[in-house]
Structure formats: structure tokens, C-alpha cells
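Below you'll find the structure, written out as C-alpha cells, and then a few comments.
The values are calculated or read from the model by the stated rules, or taken from the named source; none is laboratory data. Since the model is a prediction, treat every value here as computed from it, not as a measurement. Ideal geometry is used to build each Cβ from the backbone, glycine not excepted, and the neighbour counts take in all protein chains shown.
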Amino acid sequence: MIQLVSQFSSSSSGISSLGLNLKSFIFQLITFLIVLLILSRWVFPRLVATLEKRREALERSLEQAKATEETLKAAEEKADKLLHRAREQADVSLTDASKKAKAVITDAESAAGEKAGRIIKDAQAHLAQEHERLHQELRSELADLVIRTTERVVRQKLDKETDKQLVETAIKELKS
């Protein structure tokens with residue numbers, strides 16, 4: 001190989017005309033090939049394996065992100081449905097509560113009206129009883145008055161004028 005290199009170096013045409021040293025070029029080429037062989041044999045496979053692992057991890061992360069996003073969308077839809085159902089149930093409950101409140105108010109008003117009617121009837125009955133009692137007392141007093149007046153008239157009955165005076169006296173006594 002050295003002969004080959006010396007042959008190329010003696011000629012003034014070819015690589016030397018470009019301003020390159022052929023021995024140096026061949027040495028650098030052999031060194032490059034050795035480094036390339038070492039890199040391709042031991043370094044590149046590990047580097048490629050590391051990059052492949054990283055790519056797979058990224059793909060898994062993307063798949064997990066997509067799955068998480070889908071799960072999140074499903075959860076949001078489910079939450080929206082639950083909120084919608086809860087609002088509907090709340091509306092129904094409010095409507096029922098309103099109806100029940102109106103029914104309770106109506107019942108209370110009816111009960112209050114009935115109680116007021118009973119109180120009025122009781123008061124009227126009490127007034128009627130009181131009226132009857134006072135009427136009986138008045139009759140009793142009137143009868144007593146008539147009896148007293150009659151006693152006086154009978155004791156002193158002599159003529160019409162005396163009778164008239166006795167009645168007027170009795171009336172005056174009643175007024176005072």
C-alpha cells in the first residue's frame with residue numbers, strides 16, 4: 001500500500017494538484033473509517049436504542065394524553081348531564097314545594113275561617129243567653145215593681161187621682 005501511496009504522491013496530477021497531501025489524506029480516510037466502524041458498531045446502536053426508547057415513551061405519553069383528554073371530555077359530559085338532571089329535579093322539587101305551600105295556606109285559611117265562624121256562633125249564643133238572662137231579670141224586676149206598686153195602690157187606693165200620684169211616684173223611684 002505504501003507503494004501505491006508513493007506512486008500517487010509522485011504524480012503532479014490528481015489530488016496533489018488540489019493542494020492536498022495524499023499520505024495525510026489516506027491516513028485521515030483510514031482514521032475516519034475506523035472511527036465510523038467503531039461508532040457504527042458500539043455507539044450508534046446504543047444511541048438509536050436510546051432514541052427509540054424516548055420515541056416510544058413520547059408515543060405512550062401522547063396516547064395517555066389522548067386517553068386522558070377523552071376521559072376528561074366524557075367526565076365533563078357526564079357532569080353536564082348530572083347538573084342538568086339536578087336542575088330538573090330542583091325545579092320539580094320547587095314546583096312541588098310551591099304547590100304544597102299553597103295547599104297548606106288554603107287549608108290554614110279554611111281552618112281559620114271555620115274557627116272564626118265557631119267563635120262568632122259562640123259569641124252570638126252567649127249574647128243570646130245574656131239577653132235572655134237580662135230579659136228574665138227585667139221581667140222579674142218589673143213583676144216586683146208591679147207587686148210593690150200594687151201593694152201601695154191597694155193600701156192607699158181611694159180615688160183616681162191618688163192612684164195616678166202613686167204610679168208617678170213609683171216611676172220616679174224607678175228612674176232614680
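Details
- Here the condition is being in a helix (DSSP H, G or I), loosely packed, with under 10 Cβ neighbours inside 10 Å and at pLDDT 85 or above; of Ser17, Ser24, it holds for Ser24 alone.
- Meets criteria (over 60 Å from the mean Cα position of the chain (by Cα) and among the polar types (S, T, N, Q)) for Ser40: yes
- Test: Arg41 is exposed (fewer than 10 other Cβ atoms within 10 Å of the Cβ) and either assigned to a helix (DSSP H, G or I) or at pLDDT 95 or above (or both): yes
- Ala75 being more than 33 Å from the chain's Cα centre (by Cα) and either in a helix (DSSP H, G or I) or modelled with pLDDT of 90 or more (or both): no
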